[in-house]
Amino acid sequence: MTSTDGVTEPDVIDVLTADHREVEDLADQITATVDPEERRDLTDQLIAELVRHSVAEEMYVYPAMRDHLPDGEKAVEHDTQEHKELETLMKQLEGADAASAEFEDALGKLRQVLLDHVQDEETEQFPQLRAHVPGATLVELKDKVETAKKLAPTRPHPAAPNAELFHKLVGPGVGLVDRLRDKLSGRST
């Protein structure tokens, strides 16, 4: 949280941390249920949330990391690689029968990559962002990230570039198509 004139406002780090808790909770729910239909619905929600979160980070948080953190470029490269790995695993989950061994394997791998990614961000990168980026900027980034998540795709596109410019120019159109597909198919997002 960022304090402005004695008033504490949520910032981008608060939003991203809340996203982390949400996807961790969804992953726990998927693991806890045995009903394939419920697992599919929860998995679709997890995928949509992770994709939106990742796109928003790539659009706004990673440029801030590059600009403000001492090893920002290296951290962004590492995180982008993890995003690519997560997208590949999400694509596998998207196509797998929720009662299959393939689904269980992809879910286990996704949870491990996600755990590593969340730990890196919350223990290393987020504290550095708070230390190196003005509070008002972190609040502005929160607003941009929240808007980006509303327009972002809801499905993984592992062949697409994980780049700020791509997401800003093409992402809203891809997001629109994804949301239309979700509505027509009854996919839970």
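Descriptive notes on the structure:
- Kyte-Doolittle mean at least -0.5 and Cα axial length at least 27 Å: DSSP H helices in the chain: 12-32, 101-120
- Contact order normalised by residue count of region 19-126, Cα under 8 Å, 6+ apart, percent: 26 percent
- Chain lengthening between residue 66 and residue 184 when straightened (0.36 nm per residue, less Cα-Cα): 38.6 nm
- Remark on residue 9: its backbone amide H falls under 5 Å from those of 2, 3, 4, a criterion applied only to residues 5 or more positions apart or on other chains, H modelled at 1.01 Å from N.
Bear in mind that the values in this text are calculations on the coordinates, not laboratory data. Computed from a predicted model, the values in this text were never measured in an experiment.
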